[in-house]
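To start, the structure itself, in structure tokens.
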Amino acid sequence: MRIPLSWLRDYVDVTLPIDELAERLTRSGLEVDSIERYGIEGSELPWDRDLIVVCNIREVTQHPNADRLVLAEVEYAPGVFHTVVTGAPNIQQWKGLGPISTPVRAIYAKEGAVLYDGHVEGRVKVKLKGKPVRGVMSDAMLCSEKELGMSDEHEGILLLPDDAPIGVPLVDYLGDAVIDIDVLPNMARTLSIVGMAREIAALTGQTVRLPKPTVKTSGAAIDSNTKLTIEATTLCPRFTATLVRNVTIKPSPFWMQRRLTMAGQRPINNIVDISNYVMLELGTPNHTFDADQVAQNHIVVRTAKPGETLKTLDGRTHTLASDHLLVCDPTQALSVAGVMGGESSEVSPATTNVLVEAAVWEPTIIRRMSGAFKLRSEASKRFERGVDAEMLDLAQLRLTELLQTHADGTVAPGMLDVRIVAPRAVTITLTTHEVRRILGLDFTVDQIAALLAPLAFTCTAVDAHTLHVGVPSYRMDVSHTADLCEEVARMYGYDNLPSTIMADELPTQRTNLALEREHYVRDVLAAAGLNEAITYSLTSRTSAAKLNPAELESDDYLHLANPLSPEREYMRRDILPTLLESAAVNIRERGMTRLFEVGHVYHRRADAILPAEPLRVAIVVAGKRHATAWNAASADSIDFYDIKGIVELLCERLQLSGVSVAATELPHLQPGRSATLILTVGKESHVVGSFGELHPDARARFDIPAMRVAVAELNLELILAHASVPRYTSISRYPAASQDLAFIAPIAVSAQAIEASIRKYAGNALSSIELFDVYAGANLGDGVRSLAFRITLRSTERTLSDEEVTKLRAKIIRGVEHDNGAKIRS
Amino acid sequence: MSIIDQLAAIEAAALAALHDITTVDALSAWKSEYLGKTGQIAKLSRELGTLAASDRPAAGQRFNAVRTNLDAALADRETTVNAAAQGHAFASEALDVTLPGRPLTVGRLHPSTRVLRMITDIFAEMGFQVWESSEVETDTLNFELLNIPADHPARDMWDTFYIETPPGAEKVLLRTHTSPGQIHAMRAHAPNPVRVILPGKCFRYEQVSTRHEMMFHQVEGIAVGTNITFSDLKGTLIGFAERLYGSGIKTRFRPSYFPFTEPSVELDVECILCGGTGCRICKHSGWLEVSGAGMVHPDVLRNGGYDPAIYSGFAFGMGPERITMLRHGIDDIRWFFSGDERFLQQFI
């Protein structure tokens, strides 16, 4: 809401400097976005009191040496004259006509005045210097709006009303400021100059002055020939109409145009401007009809008939539905109620009689219609938030007064007024206890009443602790005691209230174990050298199809009803596609990547309207295994076993028991270099996820150059649910016996299986197993390989004897050979 | 020449020889030459038996004295020689200490994760527990139960992504704020007191720009009990701001509007970049918005399962990305979800 200060001052005395007023407003819930100053102190272009003044143009003559220039004889102080060279097109009409008999007021700037250059783009300050122009000395000028910083208008000089006082400093005549306030939905009462004046009066201890319009009526009363019928009684709490006859359509007065412009409205003509002016001044949107276009002089408020159409002022034709509300005559729709007028009854240059509508509408229907028609206007904005029905009488008076004064109209006596809903009368019982309970501060009833009274709440003390608070009609935001507590706090000052430490009972403390473990997973992966990424939950099937082409046709994705772009149209079902897109960027930029992401994916459920949101962890690593530097050369690149190492680390750090790995084939992974992680709990086995090297085709689809890209995506909830706390194993004080055993086994026998056998046969004495060599070669024969393990045996109770170690070794060899078809390599 | 004279000659020769020794090898050769089992002194000492019995004790003492003397001289020389040898070794191993160190491969947490943890940790110390709720929500939870009915102008405050649902089904959306968690948490605790902090991902139907993202994180807090006031809200948020920005940070509480709180408040802190004098970041106001908050609206308390005549509470919300941007001077929010390691590796 843009508030011109001069307009505000009509209704309240502004006692604070502008900056202080702005701070006070901001601290009271009316956040000041910006302050624009025109000519006054503090503005970007202050208008010098002595050098920029109001003048009168007495005569315009041709410049002797230039066709397109004229000489204007101006009076810039009573009885003081000067000749100004100008090319302004809007005074050419008086050229060569001799002394002008009517006043032509303009703005005169003397040498030395600082103005904006009218002839260059943007705002460039220049100081006015005298110089001859085609042989005539030019040391003063007549100013355009642009030169004064009032607007970008530079078509001609700014002409002022005839009564502008000659010689008065322009800053006194037109100097102003506009305070732009971000009005929150509950502050709709301040979407007007008077509403803002009320609030400022309450905040600064002043009294608001409401306009007191005077209207002289004549002719036949409105109800002699005009009728009003409200059919849609639930949607129109009150409707009023007045009639103004014999209006003249012309531009509105200068001051009104100026105020409208500063408030952000474009002046059109006197009728439209007056309508807008009263909306801005009183917060009551209204509408003017060409009364002669209203058939049978009968206004009907009703909902639309199915298929009915209406062409609105913006030239669009709307097809209406039965939940749309219209203002009509008996033959056709005239306007979309509270949203936009129709073309057929629009006030035109030919209009002589104006029917003035001021009404209030049920807010939600206005919002629905303005949304449906995409017609968000200043009027609909106010109606959606609530307009005070008690303001309509004043609004009609003000409208007819201005039409009488500035459109030369004759106001018909009377006002049609159909009132469906009685005036809102809300009284709230407020106790000192309640104020204490909500705000935490003890106030007496007198203190509360003193805080609320300036806001026009009527307070009646019932007893020492209880007030009955009457709510003004325009405070539609107040209906609970909580609303009144806010007003008490606001008037007392939020910053003046105490700040205390909660003394309330501390709730039962509960541990969020899953979250703690999730934090831990992030920490483990970061410690493993991976960078945590967070990628978009919104994605496209095209992106998912890079990983697995089958996704392109999948119906399993949650689809946005209103996507912003095709790239972010679906909710992801896996993390890897978006993470790989980030990885691709990193690989192209840096030749490597080490990323992980912990986050939710979204899976549609057949039996619930909300999707499942499983928690996943995804990992992408590629490029050099170690950072290279001048002193750390490493040619090794990441492969399958790096991602496996990370997965193993995660399982080990979370103390997962019962995990195993199986070779697998998946569309996105390279065959032979892909695995699933399986968690066996009791007799049930769960697939935790998969890992391996990205399939070269998938890699190409992500536009990653030829290299091994190792990826994993795991069900984190499953992992977290089975994580456990490490159990301490006592550290033996007795020496260990190391045995190196190499087994030759068919390649199909997994290392995992051989290791499991070793564990089985070594029993309690096993301290650790390390696979230290894998070898396959012609000397071993086809289809077999050698796996060499270093097995550490150790007792916690005694030193193992050579004999025990030898027996154990033999038992392990026998067992492994038997279980796996392996042979010990001698 | 008497044995004693011979001994003196050996001693003199030994000391002279020792003086010139500069290597560890020569030292051990010297030691066996003079002090070894077959060294000169040991050989000479075998002739002690030829002396008269009365002379033997004195001669023996003399031998011991010489040995002690030579041992001490040897130890001295060893120190000097070792130091010199070490000095040579050090010189040959000297490095250019200005060359870069060997890089470690370390990973980092996402800056939003860091800041989310900082925020939740501060509130955890005040007795708030972390509570999470789903990212895809119903219109009822995201709006209706928070006092934001359909066709209410306040809906303009949240531009919303909706999920396609069959006609007639309940509207499903991507939560626009973590506030639905308030209802979930209250319903899980009522009528017992609740004090939780709700971090999570949120979504807004918003064109992505340097300052706006369609996806972001939010942290919501709510405390409900029988004795919780607006003053407690102030104390809690001031305590938080002082922990995050340092004690003594200036704060400002101004009335605001959220449909689910009444009274509502916006907490500003003095701009941490300009110190309140006004800059581009604080839009020349000297203040930065940190948190929207308020006393839980009676209707919302009721929707959460509490009788608003008995229970009261406060709620607050804040954006960790904004806090992170201010903390690290990040000028473009779009980096947060880019997964670009040139961005991620800039943080600790």
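Structure notes:
- Mean-position separation - Cα centroids, region B:216-245 and region A:590-663, in angstrom: 37
- Region A:188-277 shape via C-alpha gyration tensor axes, a/c threshold 1.5: oblate
- Region B:102-151 and region A:272-313 have their alpha-carbon centroids 49 Å apart.
- Considering region B:3-93 at the alpha-carbon level, its Rg and Dmax are found to be 15.9, 59 Å.
- Measuring nothing but protein heavy atoms, the accessible surface of chain A at 1.4 Å probe radius is 50 percent carbon and sulfur.
- Region A:734-777 versus region B:288-336: alpha-carbon centroid distance in Å: 57
- Seen through its C-alpha gyration tensor, with square-root eigenvalues sorted a ≥ b ≥ c, chain B comes out prolate because a/c lies at 1.5 or above while a/b is bigger than b/c.
- Accessible area per residue for region A:513-721, computed on protein heavy atoms with a 1.4 Å probe, is 41 Å².
- The lysines within cross-link reach of residue B:31, meaning a Cα-to-Cα straight distance under 27 Å and a gap of 8 or more places when in the same chain, are B:43.
- Multiplying the residue separation of residue A:632 and residue A:443 by 0.36 nm and removing their Cα-Cα distance gives an extension gain of 60.8 nm.
- Annotation: lysines with alpha-carbon distance below 18 angstrom to residue A:807 (same-chain offsets under eight excluded): A:760, A:823.
- Principal-axis tilt of helix B:56-93 within chain B, Cα atoms, nearest 10 degrees: 40
- A Förster radius of 22 Å combined with the Cβ-Cβ distance from residue B:348 to residue A:590 puts the calculated FRET efficiency at roughly 0.65.
- Entries in A:644/B:201; A:305/A:374; A:212/B:283 that, when Cα-Cα distance is taken, lie over 32 Å: A:212/B:283
- In region A:214-324, the inverse of the mean reciprocal separation of distinct Cα atoms equals 16.7 Å; this is its Kirkwood hydrodynamic radius.
- Free of any chymotrypsin sites (Phe, Trp or Tyr not before Pro) that DSSP assigns to a loop and that have at most 14 other C-beta atoms within 10 Å, the longest stretch within chain A is A:1-629.
- Computed [θ] at 222 nm, deg cm²/dmol, the protein assembly as shown (DSSP H ≥ 4; -39,500 (n - 2.57); rounded to nearest 500): -9000 deg cm²/dmol
- Just checking the listed ones, B:289, B:33, B:270: in the Gaussian network model of chain B with Cα springs under 10 Å, the one fluctuating most is B:33.
- Close Lys-Lys pairs in region A:1-153, where close means Cα under 19 Å and separation is 8 or more or interchain: 8
- Over chain A - Rg/Rh using Cα atoms and the Kirkwood inverse-distance radius: 1.18
- Accessible surface of region B:1-79, 1.4 Å probe, proportion on carbon and sulfur as whole %: 54
- Degrees between helix A:363-372 axis and first principal axis of chain A (Cα, 0 to 90, nearest 10): 70
- For chain A: relative contact order, % (alpha-carbon pairs under 8 angstrom, 6 or more apart): 8
- DSSP beta bridge pairing in region A:52-174, given as percent antiparallel to the nearest 5: 95
- The convex hull of the Cα atoms of region A:737-824, projected and averaged over all directions, covers 5.3 nm².
- Mean Cα-pair separation over length for region A:745-817, i.e. relative contact order, pairs under 8 Å, 6 or more apart, %: 38
- Where region B:111-344 is the region considered: accessible area per residue in Å², 1.4 Å probe: 33
- Looking at region A:374-427, the trypsin sites (Lys or Arg not before Pro) that sit in a DSSP loop and have at most 13 other Cβ atoms within 10 Å of their own Cβ are A:374.
- Straight-distance crosslink candidates among aspartates and glutamates, where the alpha carbon sits under 16 Å from residue A:311 and sequence neighbours closer than 8 are dropped: A:290, A:329, A:343, A:346
- Helix B:24-34 axis, angle to chain B major axis (alpha carbon atoms, nearest 10°): 30
- Sequence-separation-based contact order of region B:224-283, relative, with Cα cut under 8 Å and 6+ spacing, percent: 22
- Rounded to the nearest Hz, the phi-derived 3J(HN,Hα) couplings of region A:543-556 under the Karplus curve 6.51 cos²θ - 1.76 cosθ + 1.60 (θ = phi - 60°) are 5, 5, 5, 4, 7, 8, x, 5, 5, 4, 9, 5, 9, 7, where x marks glycine and proline.
- With protein chains left intact and a 1.4 Å probe, residues in region A:222-419 average 36 Å² of accessible area per residue.
- Pairing chain A with chain B buries about 8200 Å² of accessible area. This figure sums both sides and uses a 1.4 Å probe.
The values are calculated or read from the model by the stated rules, or taken from the named source; none is laboratory data. In this text the structure is predicted, and so the values were computed from the model without any measurement. Here Cβ is always computed from backbone atoms with ideal geometry, including for glycine, and neighbour counts include all displayed protein chains. Surface accessibility is based on the protein's heavy atoms, side chains included, excluding ligands, DNA and RNA. Shrake-Rupley method; radii C 1.70, N 1.55, O 1.52, S 1.80 Å.
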